[in-house]
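Taking it in order: structure first as structure tokens, then the write-up.
The values are calculated or read from the model by the stated rules, or taken from the named source; none is laboratory data. None of the values given here were measured: they were computed from a predicted structure. Using ideal geometry, Cβ is built from the backbone for each residue, glycine included, and neighbour counts are taken over all protein chains shown. The protein model used for the area step is the full one, side chains on, heavy atoms only, and it has no ligands, DNA or RNA in it. Shrake-Rupley method; radii C 1.70, N 1.55, O 1.52, S 1.80 Å.
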Amino acid sequence: MVEALIGLAGLLIGVALALALRRRSSDAQPTGRRILFPYVGAQLSISALDAALRIARIEEATLVPAYLAPVPMALPLQAPIPRSCDAAFELQEAIEQRAAAAHVPVDGRIGRGRTVRHALRQLLAEERYDRIVVAAATAHTDGLVAGDVAWLLEHAPGEVAILRPADEAALAAA
């Protein structure tokens, strides 16, 4: 009888541990949801990035930061553009560091086009996402200008959140 009780207790402890480990591993994995975070220029609004990270963390989603790189008409669309990409990579690294601190997975992209709007159009056509979070341009931070914000609101499927940051510190590429 005592041996049966000890065996039952061991079984219950094993089941409880297995359930706890299963719950912990499912909590750590993203749900497949994706938050698209397009950005431009050599600096980035910290408050807009933090808002995108909060949404991604709450929704257990992957943040998809996407640098929008305009390619001059004189160059082929797939031509290397090292000056633009240098700034993009520096900002991408800063985004990944903030995302890691917030425990948010990241899947970075570079969208290319003849203009920012063309790059955004290409990105929307190619990427799967559940929500878009965008920083609007201000006098002190880069972001989408009013015309591109209006275009995005008219043409992007799904939910779009536009943040116009107050005067603040920005993440900047060196």
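Brief remarks on what is shown
- The fraction of accessible area contributed by carbon and sulfur in region 98-173 is 50 percent, rounded to a whole number (1.4 Å probe; ligands and nucleic acids excluded).
- Modelled label positions at residue 127 and residue 74, each set 7 Å beyond Cα in the direction of Cβ, lie 3.0 nm from each other.
- Shown here for region 93-129: trypsin sites (Lys or Arg not before Pro) in loop regions (DSSP other than H, G, I, E, B) with at most 11 other Cβ atoms within 10 Å, namely 128.
- Accessible area per residue in Å² at 1.4 Å probe, computed on region 43-160: 49
- Once C-alpha pairs closer than 8 Å and six or more residues apart are averaged by separation and normalised to the residue number of region 27-174, the relative contact order reads 34 percent.
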